[in-house]
Every structure is written in structure tokens, then in C-alpha cells.
């Protein structure tokens, strides 16, 4: 065992010095290789961070949201609906929610108006999200007016701006008092937008949803886990599409690697010839060349991955963000929490190192079987 | 569902493996028909040169298969969140009829690849390559196996529908189900523990004995396989219960989840490594009387057996630590 390690160590030593001797050539390959890893790793890290962000946000969502449908379209919850659900076993809390969208022609963006569950916003006051505050230049204790659905202009005092930390969920949010909300939108009294149900036992959620759709056939229960799953597959799909598109780049890179490995310079050929003449076997030359490929791969992988990490988590992935996160006028600015996922690293490894090694095998063999005398004579 | 990075990577690895073995197949036939180490003919020289290429390709394919198994399980576990009712890899593999066959095929190829690599290793250490024919014949046998893995994976991944209600591990590994896995779960802890430790002890003893005396090589492979089955049974019957601290949760996949600190990898990695080495030690035994391998094989198989013994020991120790550290009391 020890002699085996010794042998590999000497091979690595030799390979490193021979790589350094042809610095320019190998540097070019290393740069392209690192760039490929960087692009793929950026896409993967970014979409994984987004997926996690979505999961974290949805963790706070109610287990079941009940919407009423009229002819397949979302409609208001009429009075008495919540009482009809009444005491359902397993349901901890039932709450009618009030929220809606409002188009502001000043900044050409949609806002989300919402009545907080705890009634913490006073009459005539608003609490606004950070992206919206930025766009309209709002601060605490300044005034703002919106045209209500009745046509008249209504003024509010900004009580507070929501913290930056919550921006991914609250960029376009406006919290408003219930009475103001109903007056502003001409919202019919006693009606709600939808119903949120809290279910303590995760295993009961499906039963509750089944019971709800039996009790209220004109309604649609939406489960939190369904939302989580949808977001997860959405981001997976986007990531997969990016990778499928980038597979052309992987292929091009494999061709480049093949070319690089097969276009041996006269110098390298002579080196192999001399090595074989002084007693190296073909197997040793192959091993040396594999080490060469392995060392370049590993270096490129580490360089590319670290660069991608910095690109995504330090600078917010300016190169890929538009494709992966979607867009909106009031798009939240947010910092992603750095997460590295083992499966992703393994996948990335398969995507980059595997094609490279597969592509260089044949050229390596070609170089290794050349006869020493043929090389030295030429 | 094909647009999942890990799925694309797995399919890529399998497809490249099949393609490489496919290219190697005509060459393997040539070798079987024309190989003659004593001849100095042009053809023999050509063949000898090409064996370097195809041996390297084959080693590459086998190494890929070893890694693929890990990625496959890892991926199945991650995918479980996409399917209603699936809580771990079992649910994800149960989404259609191809999930478990694909896993079992991948595991089989894993162990076959381990055996092939062992034979290849001893062959390259002898100056006259005495096992070349056997090696390439085995490659021809492995080609359909690897192709089957690719086909099963394709069927499995292409037929994934993210909204199917799958059965969770609770129904597959609970005591009431009438199936092999159900029977494994229904084993009461004491006989399961006895079987577990006896089989592992036996595997360790034969492997250590072989490493010392270089005798009983076939026994190492046999006890390794038995220990592998006993170890999986033991994990389902009692080790998992102690890890979950729950008397009815028998799943061998949930222990791979982050909720349980990935403890499963501490169990499975040594177990698979030990079994692969044990099988490798057995796979080279038929050739120990070959003249040029008389020196090589005992040395190599002793080393493999030593690794196998260490692996089984680590596995048993880790399982014991999990059991003793747990707050669950199964046996008064």
C-alpha cells in the first residue's frame, strides 16, 4: 500500500512539473474549463438558493387556504361560509382573509393590499413594503394618496416601512386597516377574499381538505405542501432547462478537450518517447496522463465553484438572475442565504469532470502507445 | 420530469457507459478469438496496444457505475418532495413500477463492477496478462447489464408524474404487509439482532482469517454476501427503529435524510465498500493456480479481505453506537 502511494506521489510530482513547463497551453484549457464549471455552478447554486428561500417563506403559510369558485373563477367568500365550516376536528383556527391587488398608474406596478390578521394597523394608516417605498420615495410619517375604487382620492399616513429582511415576500405589500380596506375597494360587508385554516397535525391536512371539498363543493382547498411542491418543481424545471441549454457548451467543451489532448506538440511526443525509452511502460504513461487530466479537472472544478459561489451569494448572480427568478416592476432586492447541497455538487461533478475525462481517454491512449523509436527518429 | 439536473447527469453517465462498452464489444470478440501472448504477429501487437485503451475505458465505466449508485439513491431521496404521499426515497421509487428494479439493477451492476475491477487489477499485475480473455468475456456479459440499467432508468425517469399518490415507507415496511420487506420488518428485534451480529461476526472472522492465512477466499465472498443481506435486514428490523426512536418506523431510506443527520451514509458506505471488497476477494480465487498469478492473487485478495474486515467492523461498530445512544427501549 505504502509503495503504491509513493508511486502515485512521484507520478503527481512529475505531472505537475511537466504541466508547469507548458504553462500557456494548459492555462488556456484551465480557464475555459473553470468558466464552464462557473456557469453551471452559478445556475445550480442560484436556483437551489431560490428554492430554499421559497420553502422557508411557505413554512409560515397556513396549512390550507380555501377559495370559493364561481364558474371556475376565484370569487369572494360570502357571509355565513366560515360558520358553515364551523368546528371541524383537527382544525385549530379558521380565519377569513382580506387582500387584493391595486394597479398604481404612477409607477405602473401592481401592489398587494392586505389586512393583517392581528389588526395592528390603525385607521387611516398604512405599512408599506420596502421596494414600494423605494419606488415612490416613501418614509414613515409621510403621506400618500391613492385613487379609490369609488373614484375619489384617499390619503393615508405611512406608519412604518417593513424591514428589508422580509423584502422577498413583502416588496409590493401594503398593510391596511380592515375598515379602510372595505371602504377603499367598495368591498361588500361580511365578505372575505379567502379562508385560511391552521391544522396542527401534518397528517390530518389531507383529511381536512377532503372534508372541506365535500362540505363546500363550490370551493377549492389549496394545501401548503402543494404550493411547496409546485415551487420546487418550477425552480427545478428552470434549472434543468438552463442545464439542457448549456449542454451544448458541455459538448463543445468535450470536443475542445479531445482536440487539446490529441494535438500533442512535438515536445510532448518527444517527452513520452524518452520516458518509454528509459523504461516507462504504456500503463505508466496512461496513469501519468490521467493524473494530468485529474489535476486540471480538480483545479478547474474548485476555481469555478468558488467563483460561482462568490458570484451568486456576494453579487446576487447578475448573469443568470433574469432567467431564473422571473421579473416584475417591483422586484424585491434580496440577499440569498448561502446553501451548498451535496447532491448538487455531485451532479455538477458528473456534468463537468465526467465528460472531460471521457473525452480525453482516447487521445491519452494514442499518445501513450507511440513507439519511442518512431518519436525520436522523426 | 426529465429536466432535473441529477436525472440528466445519471442518464448521461449511463448512456456514456453503454456507448463505451458497446464500442469495446467488437474488440472484446477479437481478443477472445485471436489473443495469443506468445505470438509476435502484427495482429497480436495491435491487440496488445488496444487492450490499454479498452482496459482504461472499462475501468472508467466501472468507476462511473460505483458513483452512479450513490447519486441514484441520493437523487431518489431528494425527489421525494415532488410526489404526494412520498416522504423519502421509498415513495419516490414507488411512483412507478421501474423505480425499485432500477435501484436493484444498479446495485447488482455495482457489485459486478467491483468483481470485474478486482480481476482486472490482478491481471494487469502479471507480465503475461493471463486473464485477458476472461476479462473481456466478462465485459460482454456486463454490457447487457449496464444497458438494462440505462433502460430501467429511462423508463423510471420518463414515467415520473409529479402528482401521483405513492405509498410512503410506512406501508412498505410496516409489519402487516405480506411481502419480503414486510417479513424483514416483522422480525422481532432479538432474533434480528442475533442474526445481524452473527452474520457480521462471521464475515469479519473469515475476512480477517483470509487476510492473515490467505486461506478460504471463496468463504470471504460467501459470508460477505450473507452479511450484506443480514445487515440490510438488521437495518430494517431494528437499527432504523433506534435511529428514529420510534418502535414502528422501519424505513432504510429515511436514515439518509438530513433530519437524521445523514446517519445512514455512515452505515451504508462501509457496508457497500466491505461487501464489494469481499466479492472482489472471491472473484479472483478461481485464478489463483495460474502460474504467473501465484504470487499476485494471495497478496491482492488478502488486502481486499483486510479492507472488507475493516468495513464490516466499522459498520457493526457504527450500528452499535446508534443503538446504544438511542433513547428507544426495544428490549427490556
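The figures follow:
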quantity	calculated
Subset of the range A:347-356 (residues that are within 7 Å of chain B (Cβ to nearest Cβ) and closer than 16 Å to residue A:294 by Cβ)	A:350, A:354
Matching helices (runs of 4 or more DSSP H) fully within the range A:225-339 where at least 1 residues are more than 29 Å from the chain's Cα centre (by Cα), more than 30 Å from residue A:5 (Cα to Cα) and at pLDDT below 85	A:266-277
Only one of B:28, B:58 that is closer than 30 Å to residue B:154 by Cβ, more than 12 Å from every other protein chain (Cβ to nearest Cβ) and within 26 Å of the chain's Cα centre (by Cα)	B:28
Yes/no for residue B:63 being touching a helix residue (DSSP H, G or I) at 6+ places or on another chain (Cβ under 6 Å), within 20 Å of residue B:141 (Cα to Cα) and either within 8 Å of another protein chain (Cβ to nearest Cβ) or in a helix (DSSP H, G or I) (or both)	no
So residue B:324, is it surrounded by fewer than 18 Cβ atoms within 10 Å (Cβ to Cβ) and either at pLDDT 90 or above or part of a helix (DSSP H, G or I) (or both)	yes
Any chance residue B:132 is over 14 Å from the mean Cα position of the chain (by Cα), closer than 23 Å to residue B:30 by Cβ, surrounded by 21 or more Cβ atoms within 10 Å (Cβ to Cβ) and in contact (Cβ under 8 Å) with a residue 24 or more places away in the chain	yes
Unmet requirement for residue A:54, which otherwise passes all of (1) modelled with pLDDT of 85 or more; (2) closer than 14 Å to residue A:236 by Cβ	(1)
Breaking point among (1) buried (at least 22 other Cβ atoms within 10 Å of the Cβ); (2) modelled with pLDDT of 90 or more, for residue B:108	(1)
Flag for residue B:139 being touching a residue at least 24 places away in the same chain (Cβ under 8 Å), away from chain A (no Cβ under 14 Å), surrounded by 22 or more Cβ atoms within 10 Å (Cβ to Cβ) and over 30 Å from residue A:55 (Cβ atoms)	yes
The one condition in (1) part of a helix (DSSP H, G or I); (2) under 27 Å from the mean Cα position of the chain (by Cα); (3) more than 9 Å from chain A (Cβ to nearest Cβ) that residue B:81 fails to fulfil	(3)
Boolean, residue A:72 is touching a strand residue (DSSP E or B) at 6+ places or on another chain (Cβ under 7 Å) and over 19 Å from residue A:174 (Cα atoms)	no
Leading residue by the ranking (farthest from the other protein chains (Cβ to nearest Cβ)) among those in the range A:216-228 that are more than 17 Å from residue A:60 (Cβ to Cβ) and buried (at least 16 other Cβ atoms within 10 Å of the Cβ)	A:216
Matching residues, the range A:231-264, being closer than 30 Å to residue A:61 by Cβ and within 8 Å of chain B (Cβ to nearest Cβ)	A:232, A:233, A:236, A:237, A:239, A:240, A:241, A:243
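For every residue, the table says whether it meets (1) within 14 Å of another protein chain (Cβ to nearest Cβ); (2) under 30 Å from residue A:198 (Cβ atoms); (3) surrounded by 11 or more Cβ atoms within 10 Å (Cβ to Cβ).
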{"residue": "A:2", "(1), (2), (3)": "yes, no, no"}
{"residue": "A:7", "(1), (2), (3)": "yes, no, yes"}
{"residue": "A:12", "(1), (2), (3)": "no, no, yes"}
{"residue": "A:26", "(1), (2), (3)": "no, no, yes"}
{"residue": "A:34", "(1), (2), (3)": "no, no, yes"}
{"residue": "A:45", "(1), (2), (3)": "yes, no, yes"}
{"residue": "A:54", "(1), (2), (3)": "yes, yes, yes"}
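The values are calculated or read from the model by the stated rules, or taken from the named source; none is laboratory data. Bear in mind the structure is a predicted one, so any value in this text is a computation, not a measurement. Note that we place each Cβ from the backbone using ideal geometry, even for glycine, and neighbour counts take in every protein chain shown.
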